[in-house]
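Presented below is the structure to which this report refers.
Each value in this text was obtained by applying a stated rule to the coordinates, not by laboratory testing. Every value quoted in this text rests on a predicted model; they were computed, and no experiment measured them. We place every Cβ from the backbone using ideal geometry, glycine too, and count neighbours over all the protein chains shown.
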Amino acid sequence: MSNDGTFNPFEMARSQFDKVADVIGLDQGARDLLRSPLREYHFSIPVRMDNGTVEVFKGFRVQHNDARGPGKGGIRFHPQETIDTVRALSMWMTWKCAVADIPLGGAKGGVICDPHNLSAREQEGICRGWVRQLARNVGPVADVPAPDVMTSPQHMLWMLDEYEQIAGGHYPGMITGKPVGMGGSLGRTEATGYGVIFCLREALAELDLKAEDTTASVQGFGNVAQYAIELYCQMGGTVVCVSSWDQEEQTTYAFHKASGIDLEELKGITNRFGGIDKAKAKDLGYDVIPGDDWINREVDILLPAALEHQITDQNVGRISDRVKIIAEGANGPTTPEADAVIQERGIFMIPDFLANAGGVTCSYFEQVQCNMNYFWERDDVLTRLDKKMTAAYHSISELASKQKMYMRDAAYVVAINKVASACRDRGWV
Ligand code: NAD
């Protein structure tokens, strides 16, 4: 928490880092370097709106560390975006790329805006303006953006087009998450959600549980949540609850069905922002409950896949005794205070920068394919993704069980050691 009592994700990312830096006895130079981003850009994006007026949007790009390769990280469009959120997310990207063992560093970007209230043309203006401000500081060998919360393949293509207009050539590896057929990779859309479930599959095996004997409750019903649910259900699991943000009422709702949700049926009544239609859900037999009731369901698995700061000291006590695994699809959903309680209760944690590393791993595959100008089949992409995620999972779970360490701490140890040694090898610290 900040001094004023508000949640500050960057302080949380730092406190997680400090805890592990102490455990591994990280030297002061490396500690100082890795506690802060290498670079950050703050800029204004003027956009001519449909009504003829000009609106100026605030944009950010933070490059936390690029010792292991070009920066990598999404761009979020969010009305409550803050620089400290972007800083925290860029730091988590550094750890995520290290854990996934891909040769990329950590970065993140954002724009304070609400796409719900912007036309496609206005959003295109923001995308092109973002690139105009940053064309010298991003690119295939420097920093490679990607989609994230409320940004899409179309946004990425506008950004690529602007970059190529400025650079005067074709540079499809400048950005990932592009539409398939325009430099995008097959499998990217499902990669993050599937990656969460590849990890979950390994955790279930480790805990001697069968997917078909388990139930799950999911926070969120967007890209990550939907594909995670798809694969988990294919493995035989049952999802009894999902939740989503209600734009009209500016609050969240849980959608519960004890016999298990029907993914396709729910997708049919969900808008492009992952918001589920409450009235239609009621007609389909769902209990529609206001608030964060997804968290207190009697299930084996909790899957937060909406946004940061969702499992806190305020609601962690409502997690049922039955819960055995939490797989963090979202970035930073659990605060350190709640994390301590989860650790104490012995719930098996698959931490965010391992669990949701499928997206960045597939983004890396996209870059490789763009550089070769040769594109792989979907099955080929997903098989490679499974191999990478499974290897990443085991590199952490083996350390965790050998050292009797909490999974999040083990993931941090692996990541920080890798990044610190890259900085040392380069002679930075
Ligand atoms: P999305 O915009 O597609 O979906 C977000 C979902 O969360 C929507 O269903 C929305 O209704 C819901 N939501 C928003 N606020 C909520 C709240 N307060 N309570 C309950 N539900 C709420 O986003 P996404 O791409 O699925 O990303 C979800 C999370 O996963 C984010 O933390 C993101 O940073 C992280 N992530 C995404 C990717 C990716 O490839 N998309 C990769 C890594 C991490």
Legend entry - Calculated FRET value between Leu284 and Asp27, using beta carbons and R₀ = 45 Å, to 0.05: 0.20
Legend entry - Spin-label proximity, Ala167 to the range 349-368 - amide N less than 18 Å from point 7 Å beyond Cα toward beta carbon: 363-368
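Given the C-alpha atoms of the range 316-379, compute the convex hull and give its volume per residue in Å³. Please report the intermediate quantities before stating the final value.
On the way: hull volume 6.3 nm³, N = 64.
Convex hull of Cα atoms, per residue: 99 Å³.
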Inset, instruction - Using 0.36 nm per residue of separation minus the Cα-Cα distance, give me the extension gain between Asn51 and Asn117 in nm, one decimal. - result: 22.5 nm
Inset, instruction - Just need log10 I(q)/I(0) for the range 190-355 at q = 0.18 Å⁻¹, Debye formula, equal scatterers on the alpha-carbon atoms, no solvent, rounded to two decimals. - result: -1.08
Inset, instruction - Mark the label point 7 Å from the Cα of Lys402 along Cα→Cβ and return the residues of the range 323-366 whose backbone N is within less than 18 Å of it. - result: none
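How much of the DSSP bridge set in the chain is antiparallel, in percent, rounded to the nearest 5? Don't skip to the end; give the middle numbers.
On the way: 28 of 53 bridges.
Bridges in the chain that DSSP calls antiparallel: roughly 55 percent.
Report the rotationally averaged projected area of the range 39-172 based on its alpha-carbon convex hull, in square nanometres. Write down the numbers at each step before the final one.
Values: hull surface 30.5 nm².
Averaging across all directions leaves 7.6 nm² for the Cα convex hull.
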Legend entry - Linear extension gain, Phe7 paired with Lys210, 0.36 nm per residue minus alpha-carbon span: 69.4 nm
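What percent antiparallel are the DSSP beta bridges of the range 1-148, to the nearest 5? Write out the running numbers ahead of the final one.
Values: 17 of 26 bridges.
In the range 1-148, approximately 65 percent of DSSP beta bridges are antiparallel ones.
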Inset, instruction - Set the Förster radius R0 to 22 Å, insert the Cβ-Cβ distance between Glu265 and Asp386 as r into 1/(1 + (r/R0)^6), and round the FRET efficiency to 0.05. - result: 0.20
Inset, instruction - Please work out, to two decimal places, the log10 of the ratio I(q)/I(0) at q = 0.14 Å⁻¹ from a Debye calculation in which every Cα of the chain carries one identical scatterer. - result: -1.36
Inset, instruction - With N denoting the number of residues in the range 272-341, provide Rg(C-alpha) divided by 2.2 N^0.38 Å, to two decimal places. - result: 1.21
Legend entry - Paired Rg and Dmax values of the range 114-210, which use every Cα atom, in angstrom: 17.0, 56
Legend entry - Cα-based Rg / Dmax (Å) for the range 208-274: 12.2, 43
